Amino acid sequence: MRACDDAVMGIVLRVATSDDHDQLWTLFATAMMFDSTSSDLDRELFEPERALVATDGDLVVGTAKALSRDLSVPGAVVPAAHVTAVGVQATHRRRGILSSLMSRQLREAPEALAVLWASEAAIYGRFGYAAAAWNVSYEVNPHRVLPTPGPRGADRVEELTAEDAAVQLPALLRALQESRPGVSGRSELLWRKRLQDKPEDRGGATPRKILVHRDATGAVDGYALWRGKMSWVAEGPANEVVLEELVAVDPIAYHALWHHVLTLDLVGKIQYNHAAPDEPVQQLVANPSALVRRVGESLWVRLTDVSRALAQRRYATAVDVVLEVTDDLIEHNNGRFHLTGDLQNATCGRTEAAADLSLSVRELSATYLGGRSLGEYAATGKVTEHTPGALAATAAALGWPTAPKSIEIF
Ligand SMILES: CC(C)(COP(=O)(O)OP(=O)(O)OC[C@H]1O[C@@H](n2cnc3c(N)ncnc32)[C@H](O)[C@@H]1OP(=O)(O)O)[C@@H](O)C(=O)NCCC(=O)NCCS
């Protein structure tokens, strides 16, 4: 990694002010090659004190932002720096500006961990990030998938307006955070952004439909956001449905919402880009092979404070282990840590005791959400076992019954 000073060859880093918003938006949009102007809502969401700006004289040439959001981790919901809008002006690439931005952002983050979605997976490992959750994209031919019959009780699926959704849906997302690691919380502002439906963002599709499931008492216990696009092939109608988000806190609601979407008329293709590897809909169709899957990384995790982060989550089985950790970016993460924990509690602090396992912050970050196993890293020598049995016991404790799932790209 290059030297990570605040000044790289005449480049100076500073914290943003609210006046920087438009310029940073344009810089990032240009770097990512999307054409979009920011709205008042984007300005409201901007946290200048959490944005870094790289300047070359009067020119703004790089930025990295973080959003203050919470994240579900095994057994808890904790603050996590949600890193976003990372970009360096094309004329200033490969001079170490990103390295400077990342180093400073990680060292100064008040949270014990940072998370991001990477557009380019090759970039972030060098900064101690590791892919900690898998994202599965489904492309479904509804005529081949053969859904099992939906629930037939007094429950029902109905549409909601965006105004009513803003009131009803937040509690469901919070409930999902209780059962799944990897889910980012949304403030009221972020919900407004999520439910925005600007015609210019629809890409030729219909306005967004907001479905909710009501149980027999009328209580809302699940929702789905989707839109459709008209399409015809030689055989007839083959409309496309994009299922943007489906959240249910009850098995009947989950089944009913999926059944509704999978049986929509005139549809030839359903796209759902945020399934988990253990997405339960696989059990609700007779032909799961027709859920054609593409697997990629979703959340990249970087522990910025190892002992605080390890004490913040819970453990699937009782654990009592000394970890020797190395971190070449954040000094206080180096050393030996005594971790104890179970499903209810966890503690982690420095120790002089001999290590049971040695590993770097990257392996701890990869396994933090319970979606990857330490065994995978032992197989390539990145985790070393000093005490026989410590690897299996710690890997089991770090695991979790449900795979982590990030339901939105931020
Ligand atoms: C990606 C980007 C931020 C890199 O910025 P940069 O200032 O050129 O990066 P640096 O010079 O600090 O490079 C740091 C390291 O990352 C590597 N790197 C940079 N961009 C890379 C890429 N796209 N793919 C793979 N490696 C990359 C560099 O080679 C360098 O490696 P080294 O430490 O082994 O020398 C910049 O090119 C950019 O804005 N690209 C378009 C937008 C984008 O991709 N944003 C990231 C969204 S997740």
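A few notes on this one:
- The chain: angle of helix 162-179 to the longest principal axis, Cα-based, in degrees nearest 10: 50
- Among the chymotrypsin sites (Phe, Trp or Tyr not before Pro) in the range 1-92, those placed in a DSSP loop whose Cβ has at most 12 other Cβ atoms within 10 Å are F34.
- Among the trypsin sites (Lys or Arg not before Pro) found in the range 182-220, those both in a DSSP coil and sparsely packed, with 16 or fewer other Cβ atoms within 10 Å of their Cβ, are R202.
- Simple point charges give the picture: +1 on the Cβ of Lys and Arg, -1 on the Cβ of Asp and Glu, and for the range 7-111 a dipole about the Cα centre of about 580 debye.
- Descending semi-axes in Å of the chain, equivalent ellipsoid built from Cα gyration tensor: 37, 30, 19
- Helix-derived mean residue ellipticity, 222 nm - over the chain, DSSP H n ≥ 4, -39500 (n - 2.57), to 500: -7000 deg cm²/dmol
- Couplings for the range 119-128, taken from phi via the Karplus curve 6.51 cos²θ - 1.76 cosθ + 1.60 with θ = phi - 60°, read 6, 10, 5, 6, 7, 8, x, 5, 9, x Hz in order; Gly and Pro are left as x.
- Taking GluC sites (Glu not before Pro) across the range 57-163, the ones in a DSSP loop with at most 11 further Cβ atoms lying within 10 angstrom of their Cβ are E120.
- Equivalent-ellipsoid semi-axes of the range 320-368, from the Cα gyration tensor, Å, largest first: 18, 13, 10
- Each listed q (0.30 Å⁻¹) maps to a log10 I(q)/I(0) for the range 75-128 from the Debye sum over equal C-alpha point scatterers, namely -1.44.
- For the range 97-227, convex hull of alpha carbons as volume per residue, Å³: 194
- Dipole size of the chain about its Cα centre, with +1 on Lys/Arg Cβ and -1 on Asp/Glu Cβ: approximately 620 debye, rounded to the nearest 20.
- Positive-end residue, the chain charge dipole about Cα centroid, Cβ charges, pick of V60, G228, V167: G228
- Candidate lysines - alpha carbon under 25 Å from K65, same-chain residues fewer than 8 apart omitted: K193, K198, K405
- Cα coordinate range in the range 7-111, projected on the principal axes (Å, largest first): 46, 30, 23
- Antiparallel DSSP beta bridges within the chain, as percent of all bridges there, nearest 5: 90
Quick note: the coordinates plus some simple rules give every number you see, no bench work behind them. Quick caveat: nothing in here was measured; it's all calculated off a predicted structure. Glycine also receives a Cβ, built like all others from the backbone with ideal geometry; neighbour counts cover every protein chain displayed.
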